[in-house]
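Student: Questions regarding the structure given below will be posed in turn.
No value in this document is a laboratory result; all are computed from the given coordinates. Owing to the predicted nature of the structure, the values given are computational and were not obtained by experimental measurement. So basically every Cβ, Gly included, is an ideal-geometry build from the backbone, and we count neighbours across all protein chains shown.
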Amino acid sequence: MSEETPPTEPPPVPGREIIAPPPAPGTVLHLTRAASPQFARPIMARVIRVREWSTFDGWRWIDVYQLAPDGSAIARRTLFVRLAGVRSQNPPPAPQRRSSPFRAGV
């Protein structure tokens, strides 16, 4: 007699959406109205961390850096997002570092 292995995930419940896993720190996200009504104008953001605060199924609080088009961080924000609406994005180009007007050893 062989033992059956239990399924790794429970079967979907009718009427409930499948919940996406939370994004990993460092992931660049494209956030639109699909993620939350607050994103009438989509933004790009880099995940700092996912909060473990208790909330509704499929929704999470995340700490992010909002990104400018050149990839530089312009604001730190804590956002309430619907995981099924969160989309990963290829990271924008790394911001150019400004060279210092001072030279070491001079």
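Student: Would you mind ranking S72, S36, S54 so that the residue whose beta carbon has the fewest other beta carbons within 10 Å leads the list?
Tutor: Working: S72 13, S36 16, S54 6.
Ascending number of Cβ neighbours within 10 Å: S54, S72, S36.
Student: Same structure again: Does segment 28-88 come out rounded, prolate or oblate by the C-alpha gyration tensor, with a ≥ b ≥ c the root eigenvalues, rounded set by a/c under 1.5 and, if not, prolate when a/b is larger than b/c and oblate if not?
Tutor: The shape class here is oblate.
Student: Figure the gain on full extension for F56 and A68 (residue separation times 0.36 nm, minus the Cα-Cα span) and round it to one decimal in nm.
Tutor: The span from F56 to A68 would gain 1.3 nm if fully extended.
Student: Taking the Cβ of each residue in D70, D57 as the centre, tally the other Cβ atoms inside 10 Å and list the residues starting with the fewest. Each step should come with its number before you reach the end.
Tutor: Details: D70 11, D57 8.
Taking fewest neighbouring Cβ atoms as first place, the list is D57, D70.
Student: Then there's this: Express in nm, to one decimal, how much length is gained between Q38 and Q89 on full extension, taking 0.36 nm for each residue of separation and deducting their alpha carbon distance.
Tutor: Gain on stretching Q38 to Q89: 16.5 nm.
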